[in-house]
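This report concerns only the one structure given below.
The values are calculated or read from the model by the stated rules, or taken from the named source; none is laboratory data. Treat the numbers as computed from the prediction; the structure is a model and nothing was measured. Here the Cβ positions follow ideal geometry from the backbone for every residue, glycine too, while neighbour counts run over all protein chains shown. What goes into the accessible areas is simple: the full protein's heavy atoms, side chains included, and nothing from ligands, DNA or RNA. Shrake-Rupley method; radii C 1.70, N 1.55, O 1.52, S 1.80 Å.
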Amino acid sequence: MTAETLSSKVHPVDQRLPSGKLAALGLQHVLVMYAGAVAVPLIVGRALKLSPDEVALLISADLFCCGIATLIQALGATQWFGIRLPVMMGVTFASVAPMVAIANANPGQNGAQLLFGAIIGAGVISIIIAPLVSRMLRFFPPVVTGTIIAVIGISLMRVGINWIFGNPVGPTAPALVDPVYAKWLAEVTSPGSSIPAVPKGFAIMPTVPNPKYADLSGFGVAALVLVSILLIVKYAKGFIANISVLLGIVIGAVVASITGLMTYEKVGKAAWVDVVLPFYFGMPQFDPILILTMTLIMIVVMIESTGMFLALGEMTDRKITQKDLAKGLRTDGLGTLIGGIFNTFPYTSFSQNVGLVAVTGIKSRYVCVAGGIILIVLGLLPKMAALVESLPTVVLGGAGLVMFGMVAATGIRILSGVDFKNNRHNAMIVAVSIGVGMIPLIAPNFKQWMPHAIHSLIESGILLASIVAVLLNLFLNGAKHDEEAVIAAAKHADAH
């Protein structure tokens with residue numbers, strides 16, 4: 001039997017392409033997902049108030065674990081893990097809001113230990129419940145998944161906007177404390193003063209405008225990044241158009257370097273090669289409520305992955321069984337467990353890479369294996385991570401508007417396939433779920449009289465919207481199984 005005959009009998013998913021072609025196509029997958037992959041460690045690392053070196057470490061760990069999870073998913077590991085399809089794994093944006101809430105409430109090393117403990121716990125539980133989740137599709141029709149993804153995008157837009165203008169608290173707050181007031185307070189409360197001690201929690205209200213907030217030069221760089229992305233999308237085609245966000249960031253970085261907004265001292269000090277070590281921030285702390293919060297997020301993530309796997313099976317002409325789905329979802333859990341151990345975050349299949357499979361027509365899973373190897377190598381290069389960490393937030397903000405806005409747009413596109421004309425209940429589900437999902441964004445102190453133990457559970461708008469959407473759909477529509485609708489919805493989702 002000739003080699004040609006043998007290759008014709010091999011399913012396109014299992015075809016091994018020449019090494020040069022594999023490397024080029026694998027790099028293409030990495031570039032498409034790169035901007036989205038590094039955005040999450042930047043957001044969470046800064047929310048934890050980590051040092052620049054520690055944020056760079058999170059970026060390296062993230063890329064390293066992206067590669068490990070991708071290899072397990074695409075190659076397969078034992079009979080339990082890996083769906084063996086062309087899947088690239090990356091940090092899910094769905095987990096960002098609850099992780100930032102945990103980080104804001106517990107900054108520093110203690111917060112990192114609580115966060116990674118919650119991620120490890122959620123990873124273990126996800127591995128155990130993966131077969132059950134693969135049977136829960138009926139509770140997550142497009143009206144539910146579309147609403148959840150829209151709320152994820154809307155919630156994340158706040159991050160992109162704060163990147164452009166400055167965070168609402170801290171050194172770039174809209175107002176500063178008047179130095180005259182601060183000096184007076186320091187003098188009257190100095191040792192030996194007859195004035196009683198300042199009550200705990202006492203603070204002077206900021207009243208002086210902060211010149212660093214919404215600085216026009218930074219705003220100009222963010223606008224340039226946004227315009228560059230739009231021009232590339234309009235006038236470029238194929239692969240170049242697919243990496244428009246990454247190219248926009250590169251253009252912004254060049255301009256920021258020329259204008260002095262971006263410097264490279266941290267890149268110069270970083271090592272060329274270093275190993276990613278587990279438990280860098282100390283042994284994780286396991287808080288049951290935080291673990292429950294992250295587990296609920298993982299259930300939503302795994303349902304979305306289920307739709308992706310079914311759509312990918314249709315694109316590659318490979319039938320996906322219940323057993324295959326369970327293996328793929330277990331790998332989401334295993335990737336999340338590995339992420340928690342190596343100081344990084346929950347993992348899922350990146351939908352823009354699923355879209356790339358459809359665009360290129362290349363079905364071989366070994367392309368994603370090559371992409372996974374490239375990600376592992378990038379994770380071992382601290383200078384690359386330091387370069388990303390050195391990017392001014394205004395550069396990331398211009399790209400963030402696109403990245404996070406595309407997540408919201410994906411939810412809207414999924415909802416566009418929902419029947420609102422003949423089923424008036426669907427509009428009610430979307431309306432109420434989005435409204436409830438906005439509560440933590442608009443009124444973050446709504447929980448002040450509720451038990452403190454449940455705060456981390458209810459301060460994520462994404463989590464609230466998910467719970468409300470599932471319950472309302474169950475109440476108003478019942479639990480009807482419609483696999484075709486789920487596949488159609490997954491094909492609409494080309495942004496994470």
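Things to note:
- Projecting the Cα atoms of L471, A47, S228 onto the dipole axis of the chain, where Lys and Arg carry +1 and Asp and Glu carry -1 at the beta carbon, places L471 farthest toward the positive end.
- Helix 322-341 vs. the chain, principal-axis angle (Cα, 0 to 90°, nearest 10): 30 degrees
- Taking chymotrypsin sites (Phe, Trp or Tyr not before Pro) across the stretch 178-261, the ones in a DSSP loop with at most 11 further Cβ atoms lying within 10 angstrom of their Cβ are F202.
- If you sort the three axes of the alpha carbon gyration tensor as a ≥ b ≥ c, you get a/c of 1.5 or more for the stretch 270-348 and a/b no higher than b/c, which makes it oblate.
- As a rough guide to protection, the peptides 37-45, 316-324, 300-308 ranked by mean Cβ packing within 10 Å, highest first, stand as 300-308, 37-45, 316-324.
- Approximating the spin labels as points 7 Å out from Cα along Cα→Cβ, the A175-to-K21 distance works out to 6.5 nm.
- Computed over Cα pairs, the Kirkwood radius of the stretch 209-306 leads via Stokes-Einstein (1.567 mPa s, 4 °C) to a diffusion coefficient of 71 µm² per second.
- The stretch 124-194: trypsin sites (Lys or Arg not before Pro) in DSSP coil with no more than 16 other Cβ atoms inside 10 Å: R135
- Share of carbon and sulfur in the accessible heavy-atom surface of the chain [1.4 Å probe, %]: 68 percent
- Rh by Kirkwood over Cα pairs, then Stokes-Einstein D for the stretch 160-225 at 0.890 mPa s and 25 °C, µm²/s: 173 µm²/s
- Summary of packing: across the peptides 375-387, 55-67, the per-residue average of other C-beta atoms within 10 Å ranks them, highest first, as 55-67, 375-387.
- Mean-position separation - Cα centroids, the stretch 297-316 and the stretch 401-425, in angstrom: 17 Å
- 1.4 Å probe accessible area per residue over the stretch 35-158, in Å²: 26 Å²
- Assuming charge only on the beta carbon of Lys and Arg (+1) and of Asp and Glu (-1), the dipole of the chain about its Cα centre is about 660 debye to the nearest 20.
- Alpha-carbon Rg/Rh ratio, for the stretch 21-168, with Rh computed the Kirkwood way: 0.98
- Label-point gap, in nm, between A271 and T259 - each point 7 angstrom along Cα→Cβ: 3.6 nm
- Estimated FRET transfer efficiency (N422, L471; beta-carbon r; R0 25 Å; 0.05): 0.65
- All distinct Cα pairs of the stretch 116-183 go into the 1/r average, and the inverse of that average, the Kirkwood radius, is 16.5 Å.
- Estimated dipole of the stretch 217-357 in Debye, rounded to 20 [Cβ of Lys and Arg +1, of Asp and Glu -1, Cα centre]: 260 debye
- Note on the chain: helix-only mean residue ellipticity at 222 nm, from DSSP H runs of 4+ residues weighted -39500 (n - 2.57) and normalised by residue number, equals -22000 deg cm²/dmol.
- Charge-dipole axis of the chain as Lys and Arg at +1 and Asp and Glu at -1 on Cβ define it, positive-most pick from A431, V388, V418: V418
- Relative packing of 249-262, 452-465, which averages over residues the other C-beta atoms within 10 Å, highest first: 452-465, 249-262
- Angle between the chain longest axis and helix 351-360 axis [Cα atoms, degrees, rounded to 10]: 40 degrees
- Take the Kirkwood radius over Cα pairs of the chain, plug it into Stokes-Einstein at 10 °C and 1.306 mPa s, and you get 67 µm²/s for translational diffusion.
- Approximating the spin labels as points 7 Å out from Cα along Cα→Cβ, the F239-to-D14 distance works out to 2.8 nm.
- Once the 1.4 Å probe is applied to the protein heavy atoms, the stretch 281-405 comes out at 27 Å² accessible per residue.
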